[in-house]
2 protein chains.
Amino acid sequence: MSETRTYIVSGMTCGHCVASVTEEVQELGGIQAVDVVLETGLLTVTAPSVDDDAVRAAVEEAGYQLA
Amino acid sequence: MSETRTYIVSGMTCGHCVASVTEEVQELGGIQAVDVVLETGLLTVTAPSVDDDAVRAAVEEAGYQLA
């Protein structure tokens, strides 16, 4: 069983930004998939249970914000 | 004795870009100082002798171009 949630990240400008967000989210426990699209800011996270607060914290740790 | 040369780097969009350019230029031999300004693209390099071709190669290795 897994759950997929989608967020919008604001402030990413380049591939380095995408890599930073991807890395921070991957460091959350139990993540099965992370996809980040620079052009749209779309962040898609798949895990057994996706924790919005944890995702938000990871995005902020990378230096960005959820829109 | 040292020499300082200034270049313009195009394509940097964020602090990660600045860090990448700084790191690649620092890896050139004998570099005494590197300064990169995101807003203007100004790259200032100080070394006993600054090699334009080497600086250009370092900038390109980081994924950017000299303007």
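The values are calculated or read from the model by the stated rules, or taken from the named source; none is laboratory data. Keep in mind the model is a prediction, meaning the values are calculated, not measured. When we count neighbours, we look across all protein chains shown, and the Cβ atoms used for this are built from the backbone with ideal geometry, even at glycine. With ligands, DNA and RNA removed, areas are computed over all heavy atoms of the protein, side chains included. Shrake-Rupley method; radii C 1.70, N 1.55, O 1.52, S 1.80 Å.
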| request: Could you list all residues from the range A:23-39 that are under 15 Å from residue A:63 (Cα atoms) and in contact with a Ser or Thr (Cβ under 9 Å, 6 or more places away or on another chain)? | output: A:36, A:38
| task | Return yes when residue A:40 is in contact with an Asp or Glu (Cβ under 8 Å, 6 or more places away or on another chain), open to solvent by 30 Å² or more (accessible area, probe 1.4 Å) and within 25 Å of residue B:15 (Cα to Cα) and no when it is not. | result | no
| task | Scan the range B:10-18 and give yes if some residue there is over 30 Å from residue A:39 (Cα atoms) and surrounded by 17 or more Cβ atoms within 10 Å (Cβ to Cβ), otherwise no. | result | no
| Is it fair to say residue B:66 is open to solvent by 30 Å² or more (accessible area, probe 1.4 Å) and more than 19 Å from residue A:63 (Cβ to Cβ)? | no
| query | For the range B:11-26, does any single residue satisfy the condition of being over 30 Å from residue A:21 (Cα atoms) and of a type outside the set (Lys, Arg)? | reply | no
| request: Identify all residues within the range B:30-55 that are of a type outside the set (Gly, Ala, Ser), free of Cβ contacts under 8 Å to residues at least 40 places away in the same chain and out of contact with any Pro (no Cβ under 8 Å at 6 or more places or on another chain); write none if there are none. | output: B:31, B:34, B:35, B:36, B:37, B:38, B:39, B:40, B:42, B:43, B:51, B:53
| query | Which of (1) touching a residue at least 40 places away in the same chain (Cβ under 8 Å); (2) open to solvent by 30 Å² or more (accessible area, probe 1.4 Å) does residue B:27 not meet, given it meets every other one? | reply | (1)
